[in-house]
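To start, the structure under review is shown below, and the notes come after it.
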Amino acid sequence: MEGKDRKDFRVDEKGRFYWRGQEVNHPLVKRYLLSLMDRDEYGVWVRNRWQKLGVEMEGTPFYVEALREEMKGGDVQLKAIINDGTQEILDLSNLRIAPDNKVYCKIKGGKFEALFTLSAYWQLMRYLVEEEGRYYLELGSRRYPLK
């Protein structure tokens, strides 16, 4: 295991992933590294069975690439397709709209945020409703207020 203070990886403010100053561009390598990311009380790590390497986080390397509708118990839910190859049920109550109108959601049990790509953002806007100057996401019988 590497020392707690060593940061071999860095995620810049635009979500680009670096290893020891070199940008990780290969999509499969990046996807693999993202799948190894974890967060604990000491920081963010790329962790496998043999190593634990620190990550300096300025932005998020995770993106919601698409949304998929699913039926569960007679109600509609959305599944987020994440750029690390995973899929998660989207909890619309934990969406965050940044001052620049970018949309983020919590993923990985709340350990990380994922930024919606433009295509996923437009998929989400299909559920947008406006009522008396207030905006909601309406999914099946449920409404989620936007702030």
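Assorted remarks:
- Taken together, the residues in segment 81-106 that are within 9 Å of the chain's Cα centre (by Cα), over 18 Å from residue 16 (Cα atoms) and in contact (Cβ under 8 Å) with a residue 40 or more places away in the chain amount to 1.
Residues are listed down the side, and each one gets a yes or a no for (1) out of contact with any strand residue (DSSP E or B) (no Cβ under 9 Å at 6 or more places or on another chain); (2) over 18 Å from residue 114 (Cα atoms); (3) assigned by TED's automatic domain parsing to the domain that holds residue 118:
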residue: 13; (1), (2), (3): yes, no, no
residue: 16; (1), (2), (3): no, no, no
residue: 67; (1), (2), (3): no, no, yes
residue: 89; (1), (2), (3): no, no, yes
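- Where a residue in segment 1-28 is at pLDDT below 90 and its partner, wherever it lies, is surrounded by fewer than 16 Cβ atoms within 10 Å (Cβ to Cβ), with Cβ under 8 Å and at least six apart: 1/51; 2/51; 4/42; 4/43; 7/56
- Residue among 106, 102 that alone is touching a strand residue (DSSP E or B) at 6+ places or on another chain (Cβ under 9 Å), among the basic types (Lys, Arg) and modelled with pLDDT under 95: 102
- Filter pass, residue 50 being in a loop (DSSP other than H, G, I, E, B), at pLDDT below 95 and not charged (D, E, K, R): yes
- Considering residues of segment 112-147 that are surrounded by 12 or more Cβ atoms within 10 Å (Cβ to Cβ) and charged (D, E, K, R) only, the residue modelled with the highest pLDDT: 113
- Residue 32, sole failed condition from (1) in a helix (DSSP H, G or I); (2) crowded, with 19+ Cβ neighbours inside 10 Å; (3) aromatic (Phe, Trp, Tyr): (2)
- Residue 21 meets all of the listed conditions (1) in the same structural domain as residue 113 (by TED's automatic domain parsing); (2) on the phi > 0 side of the Ramachandran plot but one, namely (1).
The values are calculated or read from the model by the stated rules, or taken from the named source; none is laboratory data. Computed from a predicted model, the values in this text were never measured in an experiment. Backbone-built Cβ (ideal geometry, glycine too); neighbour counts: all protein chains shown.
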